[in-house]
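The values are calculated or read from the model by the stated rules, or taken from the named source; none is laboratory data. Because the structure is a prediction, the values reported are computed rather than measured. FYI the Cβ positions are ideal-geometry reconstructions off the backbone, even for glycines, and counts take in every protein chain you see. Just so you know, the surface numbers come from the protein's heavy atoms only, side chains and all, with ligands and any DNA or RNA stripped out. Shrake-Rupley method; radii C 1.70, N 1.55, O 1.52, S 1.80 Å.
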Amino acid sequence: MSHNSMPLTTSERLSGRLLAAVAVATAIFLVAPILAIVPLAFSDGEFLVYPIRGYSLKWMEAFFSSEKWAMAVKNSFFIGSLSAALATVLGTMAAIGLSRTDFLGKNVLTGFVLSPLVVPIVIYAVGLYFFFAPLGLTQSYTGIVLAHAALGAPFVVVTVSASLSGFDHNLMRAAASLGASPLLAFRRVMLPLVLPGVVTGALFAFAASFDEVVTVLFLAAPEQRTIPREMFSGLRESLSPIIAAASAVMIVIAVLLLAAVELLKRRAQRMRATA
Amino acid sequence: MKAPKNLPTRQSDFATAPTLVTFEKISKTYDGHTHVVKNLDLEIRRGEFLTLLGPSGSGKTTCLMMLAGFEVPTSGEIWHGEVPLSRKPPHERGIGMVFQNYALFPHMSIAENIAFPLEVRGLGRAAIAEKVKRALDMVRLPQIADRRPNQLSGGQQQRVALARALVFEPELVLMDEPLGALDKQLREHMQYEIRSLHMSLGLTVVYVTHDQTEALTMSDRIAVFAGGRIRQLADPRALYEEPADGLVATFVGESNRFDGTIVSRDGDTAVIATRGGTRLEAFAVDIGATGPAAVIVRPENVRIGAAVDGLRDVITGRVVDVVYHGDHLQVHIAAEGLDVVAKQPTRDAEAPTVGSEIRFGFLSRHARAYDPARTDH
Ligand SMILES: Nc1ncnc2c1ncn2[C@@H]1O[C@H](COP(=O)(O)OP(=O)(O)OP(=O)(O)O)[C@@H](O)[C@H]1O
Ligand SMILES: [Mg+2]
């Protein structure tokens, strides 16, 4: 704030406190449901309910020793990595194409590329089901990876476009004049400079796949179930605290992803400062 | 390095040089209807320093970009020797390029920047190291190999950009206002360096600027652009002393302009009645037998005081201001409703008093008459 050393009036001080109070309340509103599930992971009861009578690590142990959950973790990482990789390649190419020039229909195309962000996911999933069924892509890893890649690509487009907005396209001309083919110029000049945006986008794409359940509900066979999908059926069938354990694990992974994004943002800022 | 003095005079040196690049009927439009380059023919000679000079938006950069391959001509063909360039992508043209904003790769060290074109060409490590070192010596920056571009001053960055553009030994180098971002002193210094690199390496340079002093001092030939056409292509001296049309006359160097109508014309000589009511005898450059005319006189050719004796046409005006420029005086004279400027070497000028009446005139060969329609841009 730029109040510096100016003395505040009473009303300014009051409104400042009000603002702080609202901010704290909003933060609690956002975070409390997430945190509410964590203590249950360490409950020694048999059901997913408060109050907690005693604490133990048995549900954590159960989570990590269960074959079903191990499968789900493996599936989540497998599908998440593949779809993030695909989304990153496609999203980066789309962002470059969209940043290059003005052409007819550019806005329409941009909206089209970003549409998975706004289309209701259940509609997307139903559509995918009917689209994939005749192609034999339902009940397959390929189908889920493709579905998640499309959901993750818009994040990559957004983050890479942001990096590209500060990119001097003269550098690509300079590289070409020095003898670099377009592909080489991309690899040696553009990619290193927009890399923070690319990696951030990849992390977001991974996160988008990691917590996605609706398309998995429609497309996955039992052996392709991911963590959220397992939690979903767990909630319907047993309501055991093992779901809380799975949640705790997912929260830890999400926090790690966020931390990585934050680190990258700092790095990008440093790079921009020196560019 | 060859000393500049040992070179033969510029004109005779390049007049007979073989052609390196030919623009053949080149037209360019970005939007489909306005042509920013119009049916342009241009021959660039091997080893020359050719400057494209002209007002903003006249198509200089566009021409350079078409030669570099970053823009495609709408029609016509550019030839590099016997090779048509239209199907050749920029990275296969082997043309060096220096940009106004330097365009150094910010994530690479200076040495890596300069090594880039050599790596791309698959040279070995030892050869690259050797050439990078020589290139840095050439631009007199031997100590900065490990720094990043953002740790250098503007002048240093531009010298690195120059080293990078020259290290792969292109025969042709394009520069688009390379000194535009530098302050005056540094710019003059770099002009000299670029000029001496051009001579010592035998480069062909195509240089874009809208600084006419820079164009006059650096070039073997200058092409004056206006509205997508070349208005005159000549060596600096011919361009300054014998501009082919009114635009060139007013764009290159300073000038006084008297508008009027042609009274009579006899071969190279025309009599013009100025709007102020004076009849001037002028050298007919670009006018017909009748109609309007713009008479253009360089300030250094305007004579004042005793020097007007014996001149055919003498005009009387009033001294408005006398500005001291060290080596010369600029005398501003109000006459015929115009501000006429006369430049007098300080050593032989008796400074006229401000407010006094003054007589001035010029030789009729120094008064050049042009078509006013081709004078304004
Ligand atoms: N990429 C482009 N798209 C559309 N119009 C363009 C483009 N580049 C240049 N122009 C237009 O073409 C004309 C010539 O531009 P050009 O850059 O060649 O001029 P210039 O002589 O280099 O001018 P300056 O001295 O200002 O650099 C201008 O009217 C400009 O607006
Ligand atoms: Mg330009």
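The numbered conditions (1) in a strand (DSSP E or B); (2) open to solvent by 10 Å² or more (accessible area, probe 1.4 Å); (3) modelled with pLDDT of 90 or more are all true for B:Ala273 except (3). If B:Leu363 meets every condition in (1) open to solvent by 60 Å² or more (accessible area, probe 1.4 Å); (2) under 24 Å from B:Ala238 (Cβ atoms) apart from one, which number is that one? B:Leu363 satisfies every listed condition except (1). If you go through the range B:223-268 and keep only what is outside any helix (DSSP H, G or I), within 16 Å of ligand 2 (Cβ to nearest atom) and either hydrophobic (A, V, I, L, M, F, W, C) or under 14 Å from the mean Cα position of the chain (by Cα) (or both), you end up with B:Ala223, B:Val224, B:Phe225, B:Ala226, B:Ile230.
Within the range B:86-128, being more than 10 Å from chain A (Cβ to nearest Cβ) and among the basic types (Lys, Arg) holds for B:Arg87, B:Lys88, B:Arg125.
Within the range B:156-169, restricting attention to residues that are open to solvent by 10 Å² or more (accessible area, probe 1.4 Å) and of a type in the set (S, T, N, Q), the residue that is farthest from ligand 2 (Cβ to nearest atom) is B:Gln156. Annotation for the range B:340-357: at least one member residue is over 31 Å from the mean Cα position of the chain (by Cα) and part of a strand (DSSP E or B).
Taking the listed residues A:Ser238, A:Ser177, A:Ser181, the one that is touching a strand residue (DSSP E or B) at 6+ places or on another chain (Cβ under 7 Å) and without any contact (Cβ under 8 Å) to a residue 40 or more places away in the chain is A:Ser177, with no other qualifying.
Residues that are among the aliphatic types (A, V, I, L, M) and free of Cβ contacts under 8 Å to residues at least 40 places away in the same chain within the range A:75-122 comprise A:Val89, A:Met93, A:Leu104, A:Val108, A:Leu109, A:Leu117, A:Val118, A:Val119, listed in sequence order. When the strands (runs of 3 or more DSSP E) confined to the range B:10-82 are screened for residues that are within 16 Å of ligand 2 (Cβ to nearest atom), those reaching at least 3 such residues are found at B:35-45, B:49-53.
Within 13 Å of chain A (Cβ to nearest Cβ), open to solvent by 30 Å² or more (accessible area, probe 1.4 Å) and modelled with pLDDT under 95: is that true of B:Arg147 in this structure? Yes, satisfied.
Quick check on the range B:194-220: of everything there that is in a strand (DSSP E or B) and within 14 Å of ligand 2 (Cβ to nearest atom), which residue is farthest from the other protein chains (Cβ to nearest Cβ)? Looking at the filtered set, the residue picked out is B:Thr209. Taken over the range B:323-337, the criterion of being over 22 Å from B:Glu241 (Cα atoms) and open to solvent by 70 Å² or more (accessible area, probe 1.4 Å) is satisfied by B:Tyr324, B:His325, B:Gly337. The residue pairs whose first member lies in the range B:164-190 and is more than 13 Å from chain A (Cβ to nearest Cβ), whose second member is among the charged types (D, E, K, R) and in a loop (DSSP other than H, G, I, E, B), and whose beta carbons are closer than 9 Å, counting only pairs six or more residues apart or on different chains, are B:Glu171/B:Arg46; B:Leu179/B:Asp211; B:Gly180/B:Asp211; B:Arg187/B:Asp211. When B:Glu71, B:Glu82 are checked against the criterion of being over 28 Å from A:Arg100 (Cα atoms), acidic (Asp, Glu) and either at pLDDT below 95 or crowded, with 19+ Cβ neighbours inside 10 Å (or both), a single residue qualifies: B:Glu82. Looking across the range B:23-37, the residues that are open to solvent by 10 Å² or more (accessible area, probe 1.4 Å) and either within 11 Å of ligand 1 (Cβ to nearest atom) or among the small types (Gly, Ala, Ser) (or both) come down to B:Ser27, B:Lys28, B:Thr29, B:Tyr30, B:Asp31, B:Gly32, B:Thr34, B:His35, B:Val36. Check off (1) open to solvent by 30 Å² or more (accessible area, probe 1.4 Å); (2) in contact (Cβ under 8 Å) with a residue 24 or more places away in the chain; (3) within 14 Å of chain A (Cβ to nearest Cβ) for B:Gly76 and give me the number that stays unchecked. Condition (3) is where B:Gly76 drops out.
May I ask you to list the residues in the range B:48-59 that are open to solvent by less than 10 Å² (accessible area, probe 1.4 Å) and not small (Gly, Ala, Ser)? B:Glu48, B:Phe49, B:Leu50, B:Thr51, B:Leu52, B:Leu53 - these are the residues of the range B:48-59 that are open to solvent by less than 10 Å² (accessible area, probe 1.4 Å) and not small (Gly, Ala, Ser). How many residues does the range B:226-256 hold that are touching a Pro at 6+ places or on another chain (Cβ under 8 Å) and closer than 23 Å to B:Tyr30 by Cβ? The qualifying residues number 1. Listed conditions (1) outside the structural domain of B:Asn101 (by TED's automatic domain parsing); (2) in a strand (DSSP E or B) are all met by B:Gly288, apart from (2).
Out of A:Gly127, A:Gly105, report the one residue that is exposed (fewer than 12 other Cβ atoms within 10 Å of the Cβ) and farther than 23 Å from A:Leu195 by Cβ.
Details: A:Gly127 fails: exposed (fewer than 12 other Cβ atoms within 10 Å of the Cβ).
Result of the check over A:Gly127, A:Gly105: A:Gly105.
Test of understanding: among B:Ser255, B:Ser219, B:Ser264, which residue is open to solvent by less than 10 Å² (accessible area, probe 1.4 Å) and among the polar types (S, T, N, Q)? Matching residue, one of B:Ser255, B:Ser219, B:Ser264: B:Ser219.
Go through B:Leu182, B:Leu172 for me and flag whichever is hydrophobic (A, V, I, L, M, F, W, C) and at pLDDT below 90.
Details: B:Leu172 fails: at pLDDT below 90.
None of the other options fit; the residue is B:Leu182.
As a summary of the residue check, A:Leu18 satisfies the conditions (1) modelled with pLDDT under 90; (2) open to solvent by 70 Å² or more (accessible area, probe 1.4 Å) except for the one numbered (1). If you go through the range B:170-193 one residue at a time, how many are open to solvent by less than 30 Å² (accessible area, probe 1.4 Å), more than 16 Å from ligand 2 (Cβ to nearest atom) and closer than 23 Å to B:Ser56 by Cα? The qualifying residues number 4. If you check B:Ala294, B:Ala369, B:Ala284, B:Ala373 for being closer than 29 Å to B:Arg231 by Cα and in contact with a helix residue (DSSP H, G or I) (Cβ under 8 Å, 6 or more places away or on another chain), only one passes: B:Ala294. Where helices (runs of 4 or more DSSP H) sit wholly within the range A:160-214, those with at least 2 residues that are more than 14 Å from chain B (Cβ to nearest Cβ) and surrounded by fewer than 23 Cβ atoms within 10 Å (Cβ to Cβ) occupy A:191-210.
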